[in-house]
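J.: Have a look at this one.
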Amino acid sequence: MWPFVRKGASGFSSSSTAEDVTLGIDGSGLTALVTGASSGIGKETVRVLALRGMHVIMAVRNMTAGREAKEDIVQKIPSAKVDTMELDLASMASVRKFADEYKSSGLPLNLLINNAGVLSSSFALSKDEIELQFATNHVGHFLLTNLLLETMKKSAIDSRREGRIVNVSSVAHKMSYKEGIRIDRINDQSGYSDLFSYGQSKLANILHANELSRRLKEDGADITANSLHPGGIATNLFRNSNILAGLMNSVGKLVLKNTEQGAATTCYVALHPQVKSMSGEYFVDSNLSKASAKATDAELARKLWDFSVKLTE
């Protein structure tokens, strides 16, 4: 990462780390759920939230990797309160099972971080016969959020502290298909592009947060919903795309963030007092930013919501 960068209005920049943006913040008594938590910025997000005193539930597809990640975190932070639960976002049955188990546990939920993501180099369908990237990156998170929303509302009331929902999107949302979201032909293999499909799913993350924010405000719930771009990070997300993998290897450390910097914006939006009561916003480098015109299209957000409801019925 470039050593000299300008700080934004928040006082942070692209070089700030997750520990930097949460310094002095006490998360004791709060419970967080992080998807895709066994590696990369998901794991670093868990580590820093636990460092700040939160009880963190790691939602992972691979339980072996999840347990190893948990052990590594606890070894570094003996006081860390971290648990793992199995979740496959590409399967609605798995999402429903996870939500049922979470609700049965009696655990509160103050913070939901929809972090997990997949980038596929070829067209594929999920277990529910939905285009894989859209299914994993958006539909799974949409269903999970809806199923846990009442738990979050109750937790906000009981704790008298604002609940926060954070969707980890990407600047790639600007590189979606022409229509933004291919609602009428989500499974159409014709004209399929791995990058446009990924961009579509990341656009959906922002639209989801925006429409959810509108509904939460209308409902009077003390919960915010925001989205963010974590920055260019050399993680294993790009292992299935030859073009992007090659680009990552060639550009390397000159412009990419490390994992500690990559998790910063997530942790900032999740915990920082500056973000209190802010909802339906988009953040980059731990600062407010502007998403694309399609990402701020309220009508498209409503259409996506209705479409997502039908897919998850």
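J.: Given the rule -39500 (n - 2.57) for each run of at least 4 DSSP H residues, summed and divided by the residues of the chain, what is its mean residue ellipticity at 222 nm, to the nearest 500 deg cm²/dmol?
T.: That calculation yields -13000 deg cm²/dmol at 222 nm.
J.: Report the local net charge at residue 38: Lys and Arg +1, Asp and Glu -1, summed over other residues whose C-beta lies under 14 Å from its C-beta.
T.: -2
J.: Right, something else. For residue 6 and residue 277, calculate 0.36 nm times their separation in residues minus their Cα-Cα distance, and state this gained length in nm to one decimal.
T.: Working it through step by step, the gained length comes to 95.0 nm.
J.: Moving on to the next point. Would you order 198, 102 from fewest to most other beta-carbon atoms within 10 Å of each residue's own beta-carbon?
T.: 102, 198
J.: What percent antiparallel are the DSSP beta bridges of the chain, to the nearest 5?
T.: Details: 5 of 33 bridges.
If I count the DSSP bridges inside the chain, around 15 percent turn out antiparallel.
J.: By count of other Cβ within 10 Å, fewest leading, how are 10, 197 ordered? Kindly include the intermediate steps, with their values, before the conclusion.
T.: Details: 10 18, 197 23.
Fewest-to-most ranking of 10, 197: 10, 197.
J.: Considering only 119, 268, 156, whose Cα is most displaced toward the positive end of the charge dipole of segment 18-308, charges sitting on Cβ of Lys, Arg (+1) and Asp, Glu (-1)?
T.: So the residue we want is 268.
J.: Structure shown: which of 178/303; 70/127; 154/310; 70/103 lie over 20 Å apart, alpha-carbon to alpha-carbon?
T.: With Cα atoms farther than 20 Å apart: 70/127; 154/310; 70/103.
J.: Let me ask something additional. On full extension of the chain, what length is gained from residue 26 through residue 188, given 0.36 nm per residue of separation minus the C-alpha to C-alpha distance?
T.: Length gained between residue 26 and residue 188: 53.6 nm.
J.: If a paramagnetic tag sat 7 Å from the Cα of residue 125 along the Cα-Cβ line, which residues of segment 92-106 would have the backbone N under 15 Å from that point?
T.: 92
J.: Could you run the Debye sum over the Cα atoms of segment 21-180, one equal point scatterer each and no solvent, and tell me log10 of I(q)/I(0) at q = 0.12 Å⁻¹, two decimals?
T.: -0.53
J.: Taking N as the number of residues in the chain, what is its alpha-carbon radius of gyration divided by 2.2 N^0.38 Å? Numbers along the way, then the final one.
T.: On the way: Rg = 18.0 Å, N = 313, 2.2 N^0.38 = 19.5 Å.
The reported ratio for this selection is 0.92.
J.: Among 138, 272, 229, 173, which comes first, second and so on when ranked by fewest other beta-carbon atoms within 10 Å?
T.: Ordered from fewest to most neighbouring Cβ atoms within 10 Å, 138, 272, 229, 173 come out as 272, 229, 173, 138.
J.: Which residues make up the longest stretch of the chain that has no trypsin sites (Lys or Arg not before Pro) in a DSSP loop with at most 11 other Cβ atoms within 10 Å?
T.: 7-159
J.: Let me ask something else. Residues of segment 44-67 with backbone nitrogen within less than 14 Å of a virtual label 7 Å along the Cα-to-Cβ line of residue 101, please, listed as ranges.
T.: Those under the cut-off are 57-67.
J.: Let me ask another. With the contact rule set at Cα under 8 Å and sequence spacing of 6 or more, what percent relative contact order holds for segment 18-308?
T.: Worked out over segment 18-308, it gives 20 percent.
J.: List the residues whose amide H sits under 5 Å from the amide H of residue 84, counting only those 5 or more places along or on another chain, with H placed 1.01 Å from N in the peptide plane.
T.: Close amide H contacts, sequence-distant or interchain: 58.
J.: Which value, in debye to the nearest 20, describes the size of the charge dipole of segment 18-308 about its Cα centre when Lys and Arg Cβ atoms bear +1, Asp and Glu Cβ atoms bear -1, and nothing else is charged?
T.: The calculated dipole for segment 18-308 is roughly 260 debye.
We did not get these values from a lab; they are worked out from the coordinates using the rules stated. For clarity, every value in this text was computed on a predicted model and none was experimentally measured. Neighbour counts run over all protein chains shown; Cβ positions are idealised from the backbone, glycine included.
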